[in-house]
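The structure appears below as structure tokens.
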Amino acid sequence: MRLASIHFFPVKSTAGHDVQEAEVHPWGLAGDRRYLVTDERGELITAREQPLLLSCVAELDGDALTLTRPHAAPLRVTPGTGRSTVTVWGTPVEVTDCGDDAAAWLSALLGRPARLHWLDDPTRRPVNPVYGRPEDRVSLADGYPLLLASATSLALLNEWVAQTAAEHGEEAPAPLPMSRFRPNVVVEGGAAFAEDEWKRVRIGGVDFRVTKGCDRCVMTTVDTATYRKGKEPIRTLSRHRKWDGKVWFGINLIPDTPGRIAVGDPVTVL
């Protein structure tokens, strides 16, 4: 197997970037999900309920961030010093507010009050202790430092999606792109869904623990080109990949060793 692609997302739930190589920190890829958007009460806003967030492109330049979207001129954001506490999936996290200009820009995009925040200290947030060690940390990703997906598994899922459409008398859909699943690393080679059984994996010279599979939500149904929601892949995953009351695609990783990974690196199951 080999590493087929690498992706990071500067602001949680916004557009991502494809890169040829990336630094792996204990809390995730460098620059990945260090920013997030909340409402005026500090409650997380994601593309699950606000798909237009996916149209926002965030470019990193050191500790500064530039937001781009056709609704307004690009905005350069430099985090301030004022801290507040926001809630990420029920867990309070102390973050730095990015100011009123960023709030106004995002509020105009979403049509509702919104604020941008930065996780200034990525060692602040622990992972779920059920699946991690006391020293494990995560940035502002949903739960774990990295998400891995398999191109072979996606190819099989797309076959299933086409079969489901045919059974319902629907027009054959275009294959779902991997961007629907927002992984950090995509591997190619090996059997479809073999990753379900992995316990440890090495990418290049970096070792990772596999914590658990990734249960998927309605965000995967948002078309990343039109920002409209559909039925897939949840409809088909519910037929083929449902257990414990959830549907599954991809696996969550925690780095055991920091280092650098690059597209083309060998991927070895340990």
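The values are calculated or read from the model by the stated rules, or taken from the named source; none is laboratory data. Computed from a predicted model, the values in this text were never measured in an experiment. Every residue, glycine among them, receives a Cβ derived from its backbone with ideal geometry; neighbour counts consider all protein chains shown.
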Counted residues in the range 80-94 being over 19 Å from the mean Cα position of the chain (by Cα) and either under 13 Å from residue 126 (Cα atoms) or touching a residue at least 40 places away in the same chain (Cβ under 8 Å) (or both) come to 4
Have a look at 195, 188, 171 and point out the one that is of a type in the set (D, E, K, R), buried (at least 20 other Cβ atoms within 10 Å of the Cβ) and touching a helix residue (DSSP H, G or I) at 6+ places or on another chain (Cβ under 8 Å). 195
Select from the range 217-270 the residues that are surrounded by 13 or more Cβ atoms within 10 Å (Cβ to Cβ), part of a loop (DSSP other than H, G, I, E, B) and among the basic types (Lys, Arg) and list them in ascending order. 231, 241
Tell me which residues, restricted to the range 188-200, are of a type outside the set (D, E, K, R) and either assigned to a loop (DSSP other than H, G, I, E, B) or outside the structural domain of residue 233 (by TED's automatic domain parsing) (or both). 189, 190, 191, 192, 193, 198
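Got at least one residue in the range 155-164 being modelled with pLDDT of 95 or more, among the small types (Gly, Ala, Ser) and assigned to a helix (DSSP H, G or I)?
Yes: the range 155-164 contains one or more residues that are modelled with pLDDT of 95 or more, among the small types (Gly, Ala, Ser) and assigned to a helix (DSSP H, G or I).
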Strands (runs of 3 or more DSSP E) wholly inside the range 65-128 containing at least 2 residues that are within 30 Å of residue 210 (Cβ to Cβ) and among the basic types (Lys, Arg): none
Among the numbered conditions (1) outside the structural domain of residue 192 (by TED's automatic domain parsing); (2) in contact with a Lys or Arg (Cβ under 8 Å, 6 or more places away or on another chain), tell me where residue 7 comes up short. (1)
Take the conditions under 30 Å from residue 199 (Cα atoms), surrounded by fewer than 19 Cβ atoms within 10 Å (Cβ to Cβ), charged (D, E, K, R) and more than 18 Å from the chain's Cα centre (by Cα) and apply them to residue 121. Does it pass? yes
Which residues, counting only those in the range 126-176, are touching a Pro at 6+ places or on another chain (Cβ under 7 Å), over 26 Å from residue 267 (Cα atoms) and of a type in the set (Val, Ile, Thr)? 161
Selected residue (criterion: surrounded by the most Cβ atoms within 10 Å (Cβ to Cβ)) from residues of the range 198-212 that are within 12 Å of residue 147 (Cα to Cα) and of a type in the set (D, E, K, R): 209
Output the residues belonging to the range 165-187 that are without any contact (Cβ under 8 Å) to a residue 12 or more places away in the chain and either among the hydroxyl-bearing types (Ser, Thr, Tyr) or in a loop (DSSP other than H, G, I, E, B) (or both). 168, 169, 170, 171, 172, 174
Test result for residue 212, closer than 17 Å to residue 183 by Cα and out of contact with any Ser or Thr (no Cβ under 9 Å at 6 or more places or on another chain): yes
Considering every residue within the range 56-65, establish whether at least one is surrounded by fewer than 18 Cβ atoms within 10 Å (Cβ to Cβ), within 24 Å of residue 222 (Cα to Cα) and in contact with a Pro (Cβ under 8 Å, 6 or more places away or on another chain). yes
Considering (1) on the phi > 0 side of the Ramachandran plot; (2) in contact with a Ser or Thr (Cβ under 6 Å, 6 or more places away or on another chain), say which one residue 99 fails and leave the rest. (2)
